[in-house]
Amino acid sequence: MQEKFLFEYAVVRVMPRVEREEFFNVGIVLFCSKKKYLHSIFFLNEAKIRAFLGDIDVDELAKNLHAFERISKGAAGSGPIGEYDQASRFRWLTATRSTVVQCSKVHPGFCTDPEETMLRLHQELVL
């Protein structure tokens, strides 16, 4: 029997008008401490975004999501937050905020392969 590992994930959402609290899912961020795994995945459906709010700057939104992705990886150029340890970066990324890019509450689970789990959640909750 394969060992199962505790993971935590949040759904990344776009909320074009924060005051209306309407959103749609664009990605997943998943953290698994035991496997030293913290990654995020996104998909921007430009037609859906424009239908939802035509005057949103899709390029700026994409830049924000790519920054989110770089921070989750701790990549070069991700700023001081990108230098934090994985758990701290995950907590920072999933903290409650009033911006266009937000995360759902954090949800736990068990998995054998965090990458496979992230792709499955992305398929089920975003695509």
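The values are calculated or read from the model by the stated rules, or taken from the named source; none is laboratory data. Note that the coordinates shown come from a computational prediction; the quantities given were computed from them, not determined experimentally. Positions of Cβ are generated from backbone atoms using ideal geometry, with glycine treated the same way; all protein chains shown enter the neighbour counts.
Figures for the structure shown
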{"read-out": "Selection within the range 88-111 - touching a strand residue (DSSP E or B) at 6+ places or on another chain (Cβ under 7 Å) and either more than 13 Å from Ala10 (Cα to Cα) or assigned to a helix (DSSP H, G or I) (or both)", "value": "Arg89, Phe90, Leu93, Val100, Phe110, Cys111"}
{"read-out": "Candidates Val106, Val101 - the one that is in contact with an Asp or Glu (Cβ under 7 Å, 6 or more places away or on another chain), surrounded by 12 or more Cβ atoms within 10 Å (Cβ to Cβ) and either of a type outside the set (S, T, N, Q) or without any contact (Cβ under 8 Å) to a residue 60 or more places away in the chain (or both)", "value": "Val106"}
{"read-out": "Residues of the range 53-64 satisfying the condition of being under 14 Å from Phe23 (Cβ atoms) and either among the basic types (Lys, Arg) or under 20 Å from the mean Cα position of the chain (by Cα) (or both)", "value": "Ile56, Leu61"}
{"read-out": "Residue in the range 52-70 that is in contact with a Phe, Trp or Tyr (Cβ under 7 Å, 6 or more places away or on another chain), over 25 Å from Gln2 (Cα atoms) and modelled with pLDDT of 90 or more present", "value": "yes"}
{"read-out": "Test: residue in the range 54-61 that is on the phi > 0 side of the Ramachandran plot and in contact (Cβ under 8 Å) with a residue 40 or more places away in the chain", "value": "no"}
{"read-out": "Yes/no for Asp55 being over 19 Å from Val29 (Cβ atoms) and outside any helix (DSSP H, G or I)", "value": "yes"}
{"read-out": "Where a residue in the range 67-83 is in a helix (DSSP H, G or I) and its partner, wherever it lies, is modelled with pLDDT under 95, with Cβ under 6 Å and at least six apart", "value": "Arg70/Ser78; Ile71/Ser78"}
{"read-out": "Residue among Lys73, Lys48, Lys36 that alone is at pLDDT 95 or above, surrounded by fewer than 16 Cβ atoms within 10 Å (Cβ to Cβ) and touching a strand residue (DSSP E or B) at 6+ places or on another chain (Cβ under 8 Å)", "value": "Lys73"}
{"read-out": "Inter-residue pairs, beta-carbon under 7 Å, first under 24 Å from Pro108 (Cα atoms) and touching a residue at least 12 places away in the same chain (Cβ under 8 Å) and in the range 7-32, second among the charged types (D, E, K, R) and assigned to a strand (DSSP E or B), 6+ apart", "value": "Phe23/Arg13; Phe24/Arg13; Asn25/Arg13; Val26/Arg13; Phe31/Glu8"}
{"read-out": "Selection from the range 112-127 of residues that are assigned to a loop (DSSP other than H, G, I, E, B) and exposed (fewer than 12 other Cβ atoms within 10 Å of the Cβ)", "value": "Leu127"}
